[in-house]
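A quick write-up on the structure given underneath.
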Amino acid sequence: MALQRPQGTNDLLPSGSPTLKAFSSARGHEHVIGVARGVLERAGAQFMATPMFEEAEVVKRGVGGSTDIVRKEMFTVFYQGEHGGYVLRPEGTAPIVRAYIQNGLKQLPAPLKLWTTGAMFRAERNQQGRYRQFHQVDYEVLGSTDPLVDAEAIALMVRVVEALGLTGVGVKLGSIGDPEDRERYNAYLRELFTPERERLSGDSQDRLDRNPMRILDSKSDEDQRLIAGLHVQPMLAFLGEEARAHFEVVQGYLRAWGVPFEVDPSIVRGLDYYRRTAWELHHAHIGAKSALGGGGRYDGLAAQLGGPETPGIGWAFGVERLLIAMEQEGLVIPEPDGPALFLAAMDAENVPLVARVAMELRADAHVEFAYRAMKPGAAFKEADRKRARYAAVVGSNEAATGVLRVKALASGAQADVPLADLAAFLAQ
Ligand code: HAM
């Protein structure tokens, strides 16, 4: 049997592939990343990238030992049969902060705005919009505690979905407070859930010991029923004065700019490094459990990874999920332009000439050619199929005179163009 790709992964495919899906369209991925890059670079973000695998410790300390990601979903890297202590990165933030510390990026002017994109790996149960290898576009700002940076980050995220043409997207905004606030909240949750311990799922009993807040994020329906029955107070009710003031300022900016959002007191997020502002973007058709993206502030992360105290905030989109949402809204990803010129030879001996001319013209233009001799009718049909702007067929006459009859496919207009002038002709 032919070999198969690993479960939960996708091949990113060229247009026209028989098994193509919105989320596996290579062009779709490029489009989303290109649109996001435009938005982020116009806001001053610089591109950077980190390795696909990291010391497990970066992820464990960064993402946090009580998260599903670290407890159940990490891919371990083996080489020559040995576990090298590495894991495939499940997300981009801890690696970027590790790189920021290791490469002395603190010396660059703050706030430092960065963006990256690439594959992330989580051994999750496979379902629509949830994969074991998926792709993120990620934006991070290091070196500022200013709530203006939080608001700008959220507004940029909204700008990306708008630039993609999506309309059914809502921002759910919350705050998970400062560490002291979280401790008070966890103490409250521990008191509330301990008498119910036996009714919790095994995972959540474990969460009760490690980090009770994670219970609220449980994927078990029974846990969720129990939570609903207990009328659990939200994290927002436990915010200290500073975190509350910060949250108010962030909301004030968003309101003033007309960025639509809704306060969701129950936002917990699935990663441990967050403090204060945290949010998710949801799409009307994709369901509450699969966010298009999410982010938050992580002021303690750099110190957690052994670096100097450095505040940070950022977000990540799931590229596949954006593509699924776009498909559901009927948004079509623009086809790239066809070739400026399609060249074909009428007889076999002129094919090499056609190939040489095409390759020279490619210094400036998209030019394709036929690998075999073609009759003019077939050549123009092929040029049409490729959506070429111009086409020309080279016979012995053209080869001898060095002048090609170039046809504009849209209008049918023809022009005689010497080979030496072709580049300039196409550039018009
Ligand atoms: P996250 O919420 O874990 O945050 O992931 C961000 C987005 O990645 C999700 O909203 C979703 O669209 C996508 N995603 C996550 N897991 C999967 C999966 N298994 N399959 C498909 N898509 C998935 C983070 O990763 C943080 N690093 C975001 C951040 C950046 N916070 C601060 N800076």
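Things to note:
- Failed condition for residue 110, given (1) more than 13 Å from the ligand (Cβ to nearest atom); (2) open to solvent by less than 50 Å² (accessible area, probe 1.4 Å): (2)
- Index of the failed condition, residue 213 passing every other in (1) within 29 Å of the chain's Cα centre (by Cα); (2) modelled with pLDDT of 95 or more: (2)
- Positions within the range 179-196 being surrounded by 18 or more Cβ atoms within 10 Å (Cβ to Cβ) and in contact with a helix residue (DSSP H, G or I) (Cβ under 6 Å, 6 or more places away or on another chain), in sequence order: 181, 185, 186, 189, 193
- Of all the residues in the range 271-287, those that are in contact with a strand residue (DSSP E or B) (Cβ under 8 Å, 6 or more places away or on another chain) and surrounded by fewer than 19 Cβ atoms within 10 Å (Cβ to Cβ) number 1.
- The number of residues in the range 12-62 that are farther than 23 Å from residue 143 by Cα and assigned to a loop (DSSP other than H, G, I, E, B) comes to 10.
- For beta carbons closer than 6 Å, sequence separation of 6+ or different chains, a first residue in the range 115-133 that is surrounded by 19 or more Cβ atoms within 10 Å (Cβ to Cβ) and a second that is aliphatic (A, V, I, L, M) and in a strand (DSSP E or B), the qualifying pairs are 117/137; 121/88.
- Test: residue in the range 107-122 that is more than 14 Å from the chain's Cα centre (by Cα) and part of a helix (DSSP H, G or I): yes
- Inside the range 53-74, residues that are modelled with pLDDT of 95 or more and either under 14 Å from the mean Cα position of the chain (by Cα) or surrounded by fewer than 16 Cβ atoms within 10 Å (Cβ to Cβ) (or both) make up a count of 2.
- Each residue in the range 80-104 was checked for being open to solvent by 20 Å² or more (accessible area, probe 1.4 Å), of a type outside the set (Ser, Thr, Tyr) and away from the ligand (no atom under 14 Å from the Cβ), and 10 pass.
- Qualifying residue in the range 45-60 (condition: assigned by TED's automatic domain parsing to the domain that holds residue 142, touching a strand residue (DSSP E or B) at 6+ places or on another chain (Cβ under 6 Å) and at positive phi): no
- A single member of 324, 313 is surrounded by 15 or more Cβ atoms within 10 Å (Cβ to Cβ), within 43 Å of the chain's Cα centre (by Cα), in the same structural domain as residue 132 (by TED's automatic domain parsing) and farther than 30 Å from residue 143 by Cα, and it is 324.
- Residues that are at pLDDT 95 or above and surrounded by fewer than 16 Cβ atoms within 10 Å (Cβ to Cβ), drawn from the range 15-42: 17, 18, 19, 21, 26, 30, 34, 38, 41, 42
The values are calculated or read from the model by the stated rules, or taken from the named source; none is laboratory data. Note that the structure is a prediction, hence the values are computed from the model and not measured. When we count neighbours, we look across all protein chains shown, and the Cβ atoms used for this are built from the backbone with ideal geometry, even at glycine. Heads up: the accessible areas ignore ligands, DNA and RNA and are worked out on the full protein's heavy atoms, side chains in. Shrake-Rupley method; radii C 1.70, N 1.55, O 1.52, S 1.80 Å.
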